[in-house]
Amino acid sequence: MNADLFVAHNAVPEGATGLERRLHMPPSVIGQIAGDAHVKHLVLSHRMLRTLGKEDQTQLEISKRYSGPVTFANDLDCFLLK
């Protein structure tokens with residue numbers, strides 16, 4: 001609750017099915033957790049080919065449940081905690 005930063009894997013798009021859906025949270029679940037926990041900043045990591053290029057769709061699904069800032073992380077990104 002009220003964490004400064006929540007880092008979640010963005011490894012599957014919302015419509016994923018099968019094994020990948022059971023291994024990773026879709027954007028709607030990430031958004032629900034971030035919203036329920038009142039996190040201050042959501043960072044999406046572990047981006048994969050199946051999610052690259054779908055940032056708008058991912059952001060839309062997350063924003064239905066979480067209204068805070070969302071960052072799509074890239075390798076070697078750093079995040080300052082205040």
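No value in this document is a laboratory result; all are computed from the given coordinates. Everything numeric in this text was worked out from a predicted model, so none of it was measured. Because the Cβ atoms are built from the backbone with ideal geometry, glycine has one as well, and the counts that use them run over all protein chains shown.
Just a few scattered comments:
- Scanning region 15-57 for residues that are part of a helix (DSSP H, G or I), free of Cβ contacts under 8 Å to residues at least 24 places away in the same chain and surrounded by 14 or more Cβ atoms within 10 Å (Cβ to Cβ) yields 21, 29, 55.
- Candidates 12, 43, filtered to the one that is touching a strand residue (DSSP E or B) at 6+ places or on another chain (Cβ under 6 Å) and of a type in the set (A, V, I, L, M): 43
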